[in-house]
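The values are calculated or read from the model by the stated rules, or taken from the named source; none is laboratory data. Nothing here was measured: the structure is a model prediction, and the numbers come from that model. Methodologically, a virtual Cβ is constructed for each residue, glycine included, from the backbone with ideal geometry; neighbour enumeration extends over all protein chains shown. Please note that ligands, DNA and RNA were not included when accessible areas were found on the heavy atoms of the full protein model with its side chains. Shrake-Rupley method; radii C 1.70, N 1.55, O 1.52, S 1.80 Å.
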Amino acid sequence: MLAMRFDNDSLPVMFEPDAEAMPAEQLSALQTRRLRALIDQLLAAGGVQADRLADAGVTSGAELSLDDLAGLPTTDKRDLWDNYPFGMLTVPRERVVAVHGSSGTGGRPTLVAYTKGDLALWSRMCARALAAAGAGPGTIIHNAYGYGLFTGGLGIHQGAIELGATVVPASGGMTARQVRLIADLRPQILTCTPSYAIRLGEALAEAGLTGENGPSGPSFTAGVFGAEPWTQEMRARIEELLGLRALDIYGLSEVIGPGVASECFVAADGLHVNEDHFLVEVLDPSTGQRLPDGTPGELTFTTLTKEAMPLLRYRTGDIAALRTGSCPCGRTLVKMSKVTGRKDDMLVIRGVNVYPSEIERVLLGEPAIAPDYALVIDERNGGLDLIAVCERVTERTSGSSSAGGAIRSEDDLSETLEHRLRETLGLRVEVAVVPPSTVPRTEVGKAVRVLRWTDSHSDPPVPGLPA
Ligand SMILES: [Zn+2]
């Protein structure tokens, strides 16, 4: 049903077909040329990256090949912190026209700098992502990523303008106003975090604006969702709730922002990495050795064409796998899988390593459970217990096909899910099924899925948990 919204004349087109469908040999020649220039740029600028290259015996980019990349030094978030705010610039400070960043862990901000050229590159990368989702000149794009230091809002905004689309800068929050804008403007593309897509979907359902019986019917064809990891199960839920094709977009401010990689409408099974500008590798998170295609590991990017703050082999901490091969959309760019977790948000529960995404997959595989959930780490009794708090679906948001069959009791649901989690993860997880709208929703930015409960005298982090 979804695919029918594009007939053959209006199939999504590429924004930069020469680059996005470049033959492999031509692409590696371009990457080699750009890598050599990057090394010379870093050496000339001095600073931490130049020092590391010198330590590795690299005095010039001239003779380097792509195979040499694996032997070059890496960078990570600590380098940005240590050189905060402008210590890693390779251009004079006066050439910086914008900064973006993230609040980061422990309150330490990460700040990145952009020249005019960097902003132009970023706009093109986001225009590629929007075009891959089916947008073109005149397409109305409802952009509910937060505007500000966070790269989501302004990145997509600039990309939409670059594409010639019509952008609605809704930003995050004020959901009632967003519902009104969507009803009035009937946008074809929705851009926001996947958790906010769910919040919006629920609000649209409450307003009677989704589903076949809604007064205006659905207007969305595709959504471009990113800035937090989400699973295939979450994708299915969002598609059902909003009646669109849910596509993943990936990026991080250190590399440029959203638009480093994105899914195409045609295949929607992995994100094409814009590897003519961002060389991608997957490394073993502990040893730093390069891993073969298909093996999940730490995504590592080399920015080939950035001016203000280029990074060599930046280790992102995000876990994903790469896949080469052809795609029905015609792009030749390598694909990365969805991000399955962060190197550092792996939970260790009673000696078992578990990523929140693995738990999500089991929870959302159950149609009677709503897509918002929270994982509470219960540390009250000196131990470490995991409670998965999930909501039962409401009739309104359950769509036509879900839930189906007899209404099941909450105890019955808990028991079933606890059993499945034990089978799948080898881990005992307590499951608490709570009424709809109990789990805290996100209005802006990213959902907080993992909560800690440390003090037995304090209220539970999610209302309704037994004390
Ligand atoms: Zn594709």
- [ ] Any residue in region 254-273 that's farther than 26 Å from THR75 by Cα and assigned to a strand (DSSP E or B): show its pairings with residues that are near the ligand (Cβ under 10 Å from one of its atoms) and open to solvent by less than 10 Å² (accessible area, probe 1.4 Å) at Cβ separation under 6 Å, as long as the two are six or more apart or on different chains.
- [x] GLU263/LEU271
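May I ask you to say which residue of ASP293, ASP284 is at pLDDT 95 or above and either touching a Leu at 6+ places or on another chain (Cβ under 9 Å) or within 16 Å of the ligand (Cβ to nearest atom) (or both)? It would help to see each step written out before you state the result.
On the way: ASP284 fails: at pLDDT 95 or above.
Being at pLDDT 95 or above and either touching a Leu at 6+ places or on another chain (Cβ under 9 Å) or within 16 Å of the ligand (Cβ to nearest atom) (or both) holds for just one of ASP293, ASP284, which is ASP293.
From the list LEU299, LEU252, LEU241, exactly one residue is surrounded by fewer than 24 Cβ atoms within 10 Å (Cβ to Cβ) and either among the small types (Gly, Ala, Ser) or away from the ligand (no atom under 16 Å from the Cβ) (or both). Which is it? Even if it seems obvious, please write down each step before you answer.
Working: LEU299 fails: surrounded by fewer than 24 Cβ atoms within 10 Å (Cβ to Cβ); LEU241 fails: surrounded by fewer than 24 Cβ atoms within 10 Å (Cβ to Cβ).
Answer to the check: LEU252.
Whether any residue in region 306-319 is more than 11 Å from the ligand (Cβ to nearest atom) and in contact with a Phe, Trp or Tyr (Cβ under 6 Å, 6 or more places away or on another chain) is what I want to check. Give the derivation first.
Just the residues of region 306-319 that are more than 11 Å from the ligand (Cβ to nearest atom), to begin with: 306-319.
Add one more test, that the residue is in contact with a Phe, Trp or Tyr (Cβ under 6 Å, 6 or more places away or on another chain), and what stays is 308, 314.
Scanning region 306-319 turns up at least one residue that is more than 11 Å from the ligand (Cβ to nearest atom) and in contact with a Phe, Trp or Tyr (Cβ under 6 Å, 6 or more places away or on another chain).
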Open item on the list: Here's a check for you: in region 112-139, which residue that is in contact with a strand residue (DSSP E or B) (Cβ under 7 Å, 6 or more places away or on another chain) and more than 16 Å from the ligand (Cβ to nearest atom) is nearest to HIS272 (Cα to Cα)?
Closed with: CYS126
Open item on the list: Please go through (1) in a loop (DSSP other than H, G, I, E, B); (2) under 29 Å from GLN41 (Cα atoms); (3) open to solvent by 40 Å² or more (accessible area, probe 1.4 Å); (4) not hydrophobic (A, V, I, L, M, F, W, C) for PRO328 and return the number of the only condition it doesn't satisfy.
Closed with: (2)
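Yes/no matrix, rows are residues, columns are (1) open to solvent by 30 Å² or more (accessible area, probe 1.4 Å); (2) closer than 20 Å to PHE150 by Cβ; (3) in contact (Cβ under 8 Å) with a residue 12 or more places away in the chain; (4) not in a helix (DSSP H, G or I):
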| residue | (1), (2), (3), (4) |
| --- | --- |
| LEU38 | no, no, yes, no |
| LEU42 | no, no, yes, no |
| GLY61 | no, no, yes, yes |
| ALA113 | no, yes, yes, yes |
Task: Cβ-Cβ under 6 Å pairs, at least 6 apart or on other chains, region 322-342 side under 15 Å from ARG128 (Cα atoms), far side away from the ligand (no atom under 12 Å from the Cβ) and not in a loop (DSSP other than H, G, I, E, B) - done: VAL334/LEU322
TODO: Among the residues of region 409-451, write down those that are of a type in the set (D, E, K, R) and either modelled with pLDDT under 85 or part of a helix (DSSP H, G or I) (or both).
DONE: GLU410, ASP411, ASP412, GLU415, GLU418, ARG420, ARG422, GLU423, ARG441, GLU443, LYS446, ARG449
